[in-house]
Amino acid sequence: GQQVMQIPQYQHVQEGEDFTTYCNSSTTLSNIQWYKQRPGGHPVFLIQLVKSGEVKKQKRLTFQFGEAKKNSSLHITATQTTDVGTYFCAGYSGGGADGLTFGKGTHLIIQP
Amino acid sequence: ETGVTQTPRHLVMGMTNKKSLKCEQHLGHNAMYWYKQSAKKPLELMFVYSLEERVENNSVPSRFSPECPNSSHLFLHLHTLQPEDSALYLCASSQEPGHGNQPQHFGDGTRLSIL
């Protein structure tokens, strides 16, 4: 079945440093979604990427979808303490009743 | 306020007990989901309901029994659970039945502990 690998599992950064998490799918995706889960909270939808090579920005967050639609990345510029949490990618291959396949997530820990 | 409400927030039960988890969505969505979130594992999709019909069951043991009486409510009935079933159970909803390409809105989850 479809697998979505996400690295790194944990990332410690100093406040103000940049952060990147990477997502790779074993199959070509129809779209990919990104979610953020704060400690003790629930996943919250951030964005969806659909087109090959697509790049989207939300303030300090930049999301990319690879040309082959098998990988994606989330980059945060100048991290702040409010960015703490776990970032998940979730891929959808399309067709049938298959739902989203989530990666294990990257836990972002920020040291002030 | 997430628009998706789950109760209870915490549940401790013995392996022989029977309990139910409840989820209610106030977003007018057509699809609802149950996920299991364990430490160091990806979110695992358990069940999908689209327009009140179950469309996916990801090889979930029969000790978990879902019920969707209408498009706003979803239940997960539990009986004879095992210690490895201890986890955070998340409910989610999305607007369209084509659930893979729609944002999913999650509830706060039920933290389940099996003694």
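The values are calculated or read from the model by the stated rules, or taken from the named source; none is laboratory data. From a predicted model like this one, the values you see are computed outputs, not experimental measurements. Here the Cβ is made from the backbone with ideal geometry for all residues, glycine too, and neighbour counts use every protein chain on show.
Determine if region A:28-40 includes at least one residue that is exposed (fewer than 15 other Cβ atoms within 10 Å of the Cβ), within 14 Å of chain B (Cβ to nearest Cβ), touching a Gly at 6+ places or on another chain (Cβ under 8 Å) and closer than 23 Å to B:Asp108 by Cα. Checked region A:28-40: at least one residue is exposed (fewer than 15 other Cβ atoms within 10 Å of the Cβ), within 14 Å of chain B (Cβ to nearest Cβ), touching a Gly at 6+ places or on another chain (Cβ under 8 Å) and closer than 23 Å to B:Asp108 by Cα. Within region A:36-95, being in a loop (DSSP other than H, G, I, E, B) and on the phi > 0 side of the Ramachandran plot holds for A:Gly40, A:Gly53, A:Lys59, A:Lys69, A:Ala78, A:Gly94, A:Gly95. Tallying residues that are within 11 Å of chain A (Cβ to nearest Cβ), over 15 Å from B:Arg63 (Cβ atoms) and of a type in the set (A, V, I, L, M, F, W, C) within region B:30-47 yields 4. The residue that is farthest from B:Ser20 (Cα to Cα), among those in region B:87-115 that are buried (at least 17 other Cβ atoms within 10 Å of the Cβ) and more than 10 Å from chain A (Cβ to nearest Cβ), is B:Ser93.
Of these, A:Val55, A:Val44, which one is more than 14 Å from chain B (Cβ to nearest Cβ) and under 15 Å from the mean Cα position of the chain (by Cα)?
Working: A:Val44 fails: more than 14 Å from chain B (Cβ to nearest Cβ).
Result: A:Val55 is the single residue among A:Val55, A:Val44 that is more than 14 Å from chain B (Cβ to nearest Cβ) and under 15 Å from the mean Cα position of the chain (by Cα).
Please verify whether region B:27-34 includes one or more residues that are farther than 17 Å from B:His105 by Cα and out of contact with any helix residue (DSSP H, G or I) (no Cβ under 8 Å at 6 or more places or on another chain). Checked against the condition, which is being farther than 17 Å from B:His105 by Cα and out of contact with any helix residue (DSSP H, G or I) (no Cβ under 8 Å at 6 or more places or on another chain), region B:27-34 yields no hits at all. Tell me yes or no: at least one residue of region A:6-27 is within 14 Å of another protein chain (Cβ to nearest Cβ), crowded, with 17+ Cβ neighbours inside 10 Å and over 14 Å from the mean Cα position of the chain (by Cα). Among the residues of region A:6-27, not one is within 14 Å of another protein chain (Cβ to nearest Cβ), crowded, with 17+ Cβ neighbours inside 10 Å and over 14 Å from the mean Cα position of the chain (by Cα), which makes the answer no.
Which members of region A:58-109 meet the condition of being of a type in the set (D, E, K, R) and within 14 Å of chain B (Cβ to nearest Cβ)?
Our first condition is that a residue be of a type in the set (D, E, K, R); within region A:58-109, this holds for A:59-60, A:67, A:69-70, A:83, A:98, A:104.
If the condition is that a residue be of a type in the set (D, E, K, R) and within 14 Å of chain B (Cβ to nearest Cβ), then A:Lys69, A:Asp98, A:Lys104 are the ones that fit.
Scanning region B:50-65 for residues that are within 13 Å of the chain's Cα centre (by Cα), assigned to a strand (DSSP E or B) and within 14 Å of chain A (Cβ to nearest Cβ) yields B:Arg54, B:Glu56, B:Asn57. Looking across B:His73, B:His79, one residue alone is surrounded by fewer than 20 Cβ atoms within 10 Å (Cβ to Cβ), away from chain A (no Cβ under 11 Å) and at pLDDT 95 or above. It is B:His73. Quick check: anything in region A:48-61 polar (S, T, N, Q) and within 24 Å of B:Ser93 (Cβ to Cβ)? Yes, because at least one residue in region A:48-61 is polar (S, T, N, Q) and within 24 Å of B:Ser93 (Cβ to Cβ). The residue that is modelled with the lowest pLDDT, among those in region A:96-107 that are assigned to a strand (DSSP E or B) and either among the β-branched types (Val, Ile, Thr) or touching a helix residue (DSSP H, G or I) at 6+ places or on another chain (Cβ under 6 Å) (or both), is A:Thr101.
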